[in-house]
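A.B. asks: Submitted below is the structure of interest, expressed as structure tokens.
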Amino acid sequence: MESPMVIPINNIRREVRSLKINIQRVMEDIRTISSIRPEGSFGSTRFSYSEEDRHAREYVIREMTGAGANVWTDSVGNIHGRIVGTEKEKSRVLVGSHLDTVRNGGPLDGLLGVAAGLEILRVFQEEKIKPVRDLEIIAFSEEEGSNFGATMLGSKCLAGKAGLEELRRLKNDEGITAYEVMKKFGLNPDSIEEDLFKPEETYAMLELHIEQGQVLEDSGASLGIVEGIFGMTNIHITLKGIGNHAGATPMGLRRDPMAAAGRIIGKIPEWVNQIGSTQLVATVGKIQAYPNASNVIPEKVAFTVDIRDMEAGFIGKMESRIREELERLGKEGIQIQMETIATSPSVSLSREIGDILKEEATAMGISNRNMYSGAVHDCAMFTDMTKVGLLFVPSIGGRSHVPEEDTKEGDIGAGISVLLRAVCRVVME
Ligand SMILES: [Zn+2]
């Protein structure tokens with residue numbers, strides 16, 4: 001039996017494994033872009049469609065162009081840089097992350113994945129690698145929701161999960177719509193339809209991102225191969241009691257919704273333990289008392305609970321425990337209301353891409369582990385349309401969205417090297 005393909009594939013793997021990245025160049029990209037910030041701010045503040053964003057874009061576009069890519073910016077501001085493959089009829093491979101930050105954020109969130117893309121383009125140019133498939137590097141805009149409070153807006157629009165209606169509805173703090181902000185920035189959101197992601201045109205998508213948690217650091221691994229992203233349910237609870245004077249109302253005669261809320265919130269960690277999922281997390285991150293005065297028993301307390309897990313069943317169990325406790329409070333005279341305000345299902349990433357990432361990491365002798373992500377990233381928008389791989393590097397101290405956000409240079413190098421090798425294999429398929 002003839003099988004001529006076996007030899008070339010082995011050749012590709014051998015050649016791919018001799019490729020080297022230039023970490024100094026990558027660190028320079030990160031230093032330069034992360035230090036673009038408004039006067040008087042600290043860390044990285046680079047909101048999409050701002051002056052800082054414009055400077056960062058110029059840098060990214062210059063680097064992409066210099067590395068031989070055809071570069072364009074789409075209707076909502078995502079930057080694309082494409083190297084054309086040798087086989088026209090084959091679909092492209094996408095690699096990237098986001099270019100924007102939160103206010104006073106860190107240097108690596110999003111930018112690491114963009115800088116990795118730039119370095120991959122430069123290695124392709126230097127090594128004269130001719131991919132079979134088109135290789136497209138992408139820098140997504142407005143992932144953090146810093147302007148309009150809606151996360152992953154750039155990738156969502158591309159994926160068709162947000163559109164003109166959303167852009168006309170979402171507003172920034174000054175009351176200006178996303179649509180207007182984009183127009184003012186020189187974009188043309190009206191042509192959003194033309195940019196829509198077409199599943200048949202894409203073979204795979206890969207993203208490198210910092211973990212933003214402490215799982216990798218604690219485990220001592222340099223790389224995390226993400227198998228799936230947690231599903232999430234966000235519930236809003238309102239408890240109503242009787243508002244009254246803090247001094248004149250004896251303890252036995254109160255209907256205090258704050259004390260009731262405290263009972264629920266205090267029990268959440270215990271319930272998470274009892275439910276027995278190793279992944280389940282639940283968070284009360286927002287609470288509001290009415291009227292919110294130090295000498296008044298509040299008449300009403302409202303808070304949110306964010307619950308995440310890979311399995312919807314565990315999220316459901318947590319919701320039931322909360323509901324049971326609320327019913328108990330109801331019998332004690334507190335009026336209760338529980339409303340689900342947002343849900344997103346968990347997503348599984350491509351086993352095939354995950355295996356390639358793992359093979360390349362292992363071949364380089366880089367410690368790695370499979371894991372789940374509690375946070376959602378741009379690539380998650382495309383899991384229903386293409387094969388998606390997500391690679392994590394450790395965050396020192398698990399810290400992110402703060403100026404102290406950092407990753408060891410060795411881990412950054414490991415992440416980009418493994419990404420490069422995986423991308424090389426996928427674009428040759
Ligand atoms: Zn990010």
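The values are calculated or read from the model by the stated rules, or taken from the named source; none is laboratory data. No experiment lies behind these values; they were computed from the predicted model shown. Methodologically, a virtual Cβ is constructed for each residue, glycine included, from the backbone with ideal geometry; neighbour enumeration extends over all protein chains shown. In case anyone asks, the SASA skips ligands and DNA or RNA and just uses the protein heavy atoms, side chains included. Shrake-Rupley method; radii C 1.70, N 1.55, O 1.52, S 1.80 Å.
A.B. asks: Which helices (runs of 4 or more DSSP H) does region 111-214 wholly contain that include 1 or more residues that are in contact with a helix residue (DSSP H, G or I) (Cβ under 6 Å, 6 or more places away or on another chain), open to solvent by less than 20 Å² (accessible area, probe 1.4 Å) and within 23 Å of SER44 (Cβ to Cβ)?
C.D. replies: Counting at least 1 such residues, we get 111-126, 153-159, 178-184.
This table checks each residue for (1) open to solvent by 80 Å² or more (accessible area, probe 1.4 Å); (2) in the same structural domain as GLY262 (by TED's automatic domain parsing).
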| position | (1), (2) |
| --- | --- |
| ARG321 | no, yes |
| GLU327 | yes, yes |
| GLY330 | no, yes |
| ALA375 | no, no |
| LEU390 | no, no |
| PRO394 | no, no |
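Rundown of residues vs (1) of a type in the set (A, V, I, L, M); (2) touching a residue at least 12 places away in the same chain (Cβ under 8 Å), yes/no style:
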residue: LYS171; (1), (2): no, yes
residue: LYS183; (1), (2): no, no
residue: SER191; (1), (2): no, yes
residue: ASP195; (1), (2): no, yes
residue: ILE210; (1), (2): yes, yes
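A.B. asks: Which residue, of ARG254, ARG308, is surrounded by 14 or more Cβ atoms within 10 Å (Cβ to Cβ), of a type in the set (D, E, K, R) and closer than 30 Å to GLU227 by Cα? Outline the logic, then answer.
C.D. replies: On the way: ARG254 fails: closer than 30 Å to GLU227 by Cα.
Unique residue meeting the criteria: ARG308.
A.B. asks: Here is a further query. When you check HIS80 against the structure, is it within 20 Å of GLU143 (Cα to Cα), open to solvent by 70 Å² or more (accessible area, probe 1.4 Å) and not polar (S, T, N, Q), yes or no?
C.D. replies: Considered against the rule, which asks whether it is within 20 Å of GLU143 (Cα to Cα), open to solvent by 70 Å² or more (accessible area, probe 1.4 Å) and not polar (S, T, N, Q), HIS80 comes out as no.
A.B. asks: Quick one: GLN274 ticks every box in (1) touching a helix residue (DSSP H, G or I) at 6+ places or on another chain (Cβ under 7 Å); (2) closer than 24 Å to ILE322 by Cα; (3) open to solvent by 40 Å² or more (accessible area, probe 1.4 Å) except a single one, so which number is it?
C.D. replies: The one condition GLN274 does not meet is (1).
A.B. asks: Could you identify the single residue in SER97, SER44, SER35, SER50 that is over 25 Å from VAL388 (Cα atoms) and in contact with a Gly (Cβ under 8 Å, 6 or more places away or on another chain)?
C.D. replies: Testing whether each residue is over 25 Å from VAL388 (Cα atoms) and in contact with a Gly (Cβ under 8 Å, 6 or more places away or on another chain) leaves just SER44.
A.B. asks: Among residues belonging to region 18-70 that are assigned to a helix (DSSP H, G or I), acidic (Asp, Glu) and closer than 30 Å to TYR179 by Cβ, point out the one that is least open to solvent (accessible area, probe 1.4 Å).
C.D. replies: ASP53
Residue-by-condition table, conditions (1) open to solvent by less than 50 Å² (accessible area, probe 1.4 Å); (2) at positive phi; (3) in a strand (DSSP E or B):
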site	(1), (2), (3)
THR343	no, no, yes
ILE353	yes, no, no
THR362	no, no, no
ARG369	no, no, yes
GLU405	yes, no, no
ILE412	yes, no, no
GLY415	yes, no, no
LEU420	yes, no, no
CYS424	yes, no, no
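A.B. asks: Here's something else I'd like to know. State all residues of region 332-375 that are among the small types (Gly, Ala, Ser) and over 30 Å from LYS300 (Cβ atoms); if no residue qualifies, say none.
C.D. replies: Within region 332-375, SER346, SER348, SER350, GLY354, ALA361, ALA363, GLY365, SER367, SER373, GLY374, ALA375 qualify.
A.B. asks: Right, here's the next one. State which residue pairs qualify: first residue on the phi < 0 side of the Ramachandran plot and polar (S, T, N, Q) and inside region 98-111, second residue open to solvent by 10 Å² or more (accessible area, probe 1.4 Å) and outside any loop (DSSP other than H, G, I, E, B) in any location, beta carbons under 6 Å apart, and separation of 6 or more residues or different chains.
C.D. replies: Taking only residues 6 or more apart or on different chains, not a single pair turns up.
A.B. asks: Just name the residue that is nearest to the ligand (Cβ to nearest atom) out of those in region 78-106 that are touching a helix residue (DSSP H, G or I) at 6+ places or on another chain (Cβ under 6 Å) and in a loop (DSSP other than H, G, I, E, B).
C.D. replies: By that ranking, first place goes to LEU99.
A.B. asks: Considering each residue of region 215-237, count those that are in a helix (DSSP H, G or I) and open to solvent by 10 Å² or more (accessible area, probe 1.4 Å), and give that number.
C.D. replies: Total satisfying the criteria: 4.
Yes/no matrix, rows are residues, columns are (1) of a type in the set (A, V, I, L, M, F, W, C); (2) in the same structural domain as ALA178 (by TED's automatic domain parsing); (3) closer than 20 Å to ILE61 by Cβ:
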residue: GLY106; (1), (2), (3): no, yes, no
residue: ASP109; (1), (2), (3): no, yes, no
residue: GLY113; (1), (2), (3): no, yes, yes
residue: LEU118; (1), (2), (3): yes, yes, yes
residue: GLU127; (1), (2), (3): no, yes, no
residue: PHE140; (1), (2), (3): yes, yes, yes
residue: LEU164; (1), (2), (3): yes, yes, no
